[in-house]
Amino acid sequence: MMQILDGKQTAEKLQTALAQEVAQIQKNGGKIPHLAAILVGNDTASTTYVNGKVKACEKAGFLSSLVHLSDSISENTLLEKIAELNNNPEIDGFIVQLPLPKHIDPEKVTQAIIPAKDVDGFHPVNVGRMAKNQPCYISATPFGILKLLEAYQI
């Protein structure tokens, strides 16, 4: 017999559990997690994806910030914005939504994000830590699949 794995239902359960955990953290005087996303340009798929992340943060009780930049931004200006988020103690983690405009090197951008705030898990340090089974951020899609399999005890 084939079993259908319901990712949407599983995500909702995880978000509800996270929201309860965040509420308890806040009740105990702790900091509410804050995720930021940098979106460069107006790619429709990227905008939809980032908006989904903002809604997921709300459901999980997280704070979120969207930094929407023009597709004509220079690579250096984008790297400066990344440095600001790296150094902002209020931001716990962030993503830079790909794809980026052709004049911006995605590898340079990925490596500019400090590993501790690289929630996409793309920084070489996080990739290496993952390969060595050490604590790190794991890329969202494989992590989501693992959580889905775990929820169904597969």
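The values are calculated or read from the model by the stated rules, or taken from the named source; none is laboratory data. None of the values given here were measured: they were computed from a predicted structure. Counting neighbours? That spans all protein chains shown, and the Cβs are built from the backbone with ideal geometry, glycine included. To get the accessible areas, we keep the full protein, side chains included, count just its heavy atoms, and leave off ligands, DNA and RNA. Shrake-Rupley method; radii C 1.70, N 1.55, O 1.52, S 1.80 Å.
What pairs in LYS81/LYS102; LYS81/LYS132; LYS55/LYS102; LYS8/LYS59 have C-alpha atoms more than 20 Å from each other?
On the way: LYS81/LYS102 18 Å; LYS81/LYS132 31 Å; LYS55/LYS102 28 Å; LYS8/LYS59 13 Å.
Beyond 20 Å between Cα atoms: LYS81/LYS132; LYS55/LYS102.
Shape of the chain from its Cα gyration tensor (a ≥ b ≥ c, root eigenvalues): rounded if a/c is under 1.5, otherwise prolate when a/b > b/c, or oblate?
Details: a/c = 1.62, a/b = 1.42, b/c = 1.14.
Here the chain falls in the prolate category.
Rounded to the nearest Å, what's the spacing between the alpha carbon centres of region 28-77 and region 134-154? Just the number, please.
Distance between centres, Cα-based: 21 Å.
With a ≥ b ≥ c the root eigenvalues of the C-alpha gyration tensor of region 1-92, is it rounded (a/c under 1.5), prolate (a/b larger than b/c) or oblate?
Working: a/c = 3.32, a/b = 1.33, b/c = 2.49.
Oblate is the answer for region 1-92, as a/c is 1.5 or above yet b/c matches or exceeds a/b.
Can you find, among ALA131, THR48, LEU98, the residue sitting farthest towards the positive end of the charge dipole of the chain, where Lys and Arg contribute +1 and Asp and Glu -1 at Cβ?
Value: ALA131.
Whenever you get a sec, compute what percent of the accessible area on the chain sits on carbon and sulfur atoms (1.4 Å probe).
57 percent
Which stretch or stretches of region 100-116 have amide N atoms under 15 Å from the point lying 7 Å from GLU75's Cα along the Cα→Cβ direction?
Within reach of a label on GLU75: 100-113.
Roughly how many nanometres apart are two label points built 7 Å out from the Cα toward the Cβ at THR48 and ILE4?
Rounded to a tenth, the inter-label distance reads 2.1 nm.
Hey, got the dipole for the chain? About the Cα centre, +1 on K and R Cβ, -1 on D and E Cβ, debye to the nearest 20? Don't jump to the answer; show the numbers that get you there.
Numbers: 14 positive and 16 negative charges, 83 e Å.
Using Cβ point charges on Lys, Arg, Asp and Glu, the chain gives about 400 debye.
From Cα pairs below 8 angstrom and at least 6 apart in sequence, can you work out the relative contact order of the chain, rounded to a whole percent? Walk me through the numbers before you get to the answer.
On the way: 186 pairs, mean separation 32.4, N = 154.
This gives 21 percent for the chain.
Please work out the average accessible area per residue across the chain, using the 1.4 Å probe convention, and give it in Å². Each step should come with its number before you reach the end.
Values: 9720 Å² over 154 residues.
Spelled out: the 1.4 Å probe surface of the chain, per residue, equals 63 Å².
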